[in-house]
Amino acid sequence: MGPRLEIHHLEMLAAIAEAGGIAAAAERLAVTPSALSHRIREAERRLDVVLFVKAGRRLSPTPACDVLLITARDVLASLERAEIDAQKVGSGAREVVRLGLGAYSAYHWLPSFLSYLAASDPSIQIEIVASANRRPEAALLEHEIDLAIVPGRPARPGLAATPLFEDELVAILSPRHALAAKPVLEPDDFAEDDYITYSVTPEPGYEYDRVFRRAARPPRRDRRVEQIEAIVEMVKAGFGLSILTRWAMEPHLRAGTLLCKRVTENGLQITWSMLTRSDDGARPPAALVAGILAEWHRDSVLGFRTMEPVAPAVR
């Protein structure tokens, strides 16, 4: 026996759960409230379960509905992606590869690469999935994206990591900051200011592991801000310091709106890697794009090498 619910039932579940009421959900779906009420009763009758209960003026999903919602959202998102891919393939693209960039929204390199890709294989189209930047590994495993470019060398079952280019974690600060004239920042320099970060989890290879763990005094206060763009704007305005990758900060450094400083004499080197699913087969489209991306970085004038590394301080 096949599924008892149809796509319009799944859309109904998701819309009511998000909107919280019949009228608002009906408006989203461009149907009448009475038609949507009928759709709820029809789904409940087919499954012989209660899907929503009244909670004041709102409708709340029942535990049975919560179970359905998990799959409903996945199915609707997959269907939407498939429709977009079908349109692109219909317009001439043989393959569509979804790309995510871990943590950062740094796409100053993208136009150059897209030109190179078009010359190498014009049948492949790239779709940028910005929502994957906070969870690129999970997004890959859940097939939301096909290729990720991430800082570090993650080791996770089901994923294959290929080193791509070398970068450096640097302190970023306003040109007007009191430490602007100092060539190298040491761990204790962060003790007199607020430290703005998108993650306070001490991940191996990052600043909490390599810098603050051995500092005599920790930063005065950690301010967690989930968006890198917001961190940059706060640092520009003088609200504190942060440590981010130099490559991703390049547009701001070139514009002179930020300064970067090496952290400790030896610096904090970091490798950016390409991630793909290890079970995608012998030569999936994502692997083709990954190979072309590596060729572009190796063969083009700059590739990802858009700025020189931070020079050691002259004593």
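The values are calculated or read from the model by the stated rules, or taken from the named source; none is laboratory data. Since we're looking at a predicted model, the values are computed, not measured. Counting neighbours? That spans all protein chains shown, and the Cβs are built from the backbone with ideal geometry, glycine included.
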Do we have any residue at all in segment 153-171 that's under 19 Å from Ala237 (Cα atoms) and either assigned by TED's automatic domain parsing to the domain that holds Thr257 or of a type in the set (Lys, Arg) (or both)? yes
Does any residue of segment 164-186 turn out to be within 19 Å of the chain's Cα centre (by Cα) and aliphatic (A, V, I, L, M)? yes
A careful count of residues in segment 9-37 that are farther than 16 Å from Leu76 by Cβ, of a type outside the set (A, V, I, L, M) and surrounded by 12 or more Cβ atoms within 10 Å (Cβ to Cβ) gives 6
Within segment 132-152, of all residues that are over 13 Å from Ala286 (Cβ atoms), small (Gly, Ala, Ser) and touching a residue at least 24 places away in the same chain (Cβ under 8 Å), the one surrounded by the fewest Cβ atoms within 10 Å (Cβ to Cβ) is Gly152
Expected single match for modelled with pLDDT of 90 or more, part of a loop (DSSP other than H, G, I, E, B) and not charged (D, E, K, R) among Ala181, Ala148 is Ala181
Filter segment 153-176 for residues that are assigned to a loop (DSSP other than H, G, I, E, B) and surrounded by fewer than 19 Cβ atoms within 10 Å (Cβ to Cβ); the one that is modelled with the lowest pLDDT is Ala155
Output yes when any residue across segment 180-193 is touching a residue at least 40 places away in the same chain (Cβ under 8 Å), touching a Cys at 6+ places or on another chain (Cβ under 9 Å) and on the phi < 0 side of the Ramachandran plot, and no when none is. no
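In segment 28-44, what residues are over 15 Å from Thr62 (Cα atoms), of a type in the set (D, E, K, R) and modelled with pLDDT of 90 or more?
Taking segment 28-44 as the starting set, the residues that turn out to be over 15 Å from Thr62 (Cα atoms) are 28-39, 42.
Going one step further and asking which of them are of a type in the set (D, E, K, R), we end up with 28, 39, 42.
Matches in segment 28-44: Arg39, Glu42.
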Per the filter on segment 88-104, residues modelled with pLDDT of 85 or more and among the hydroxyl-bearing types (Ser, Thr, Tyr) are Tyr104
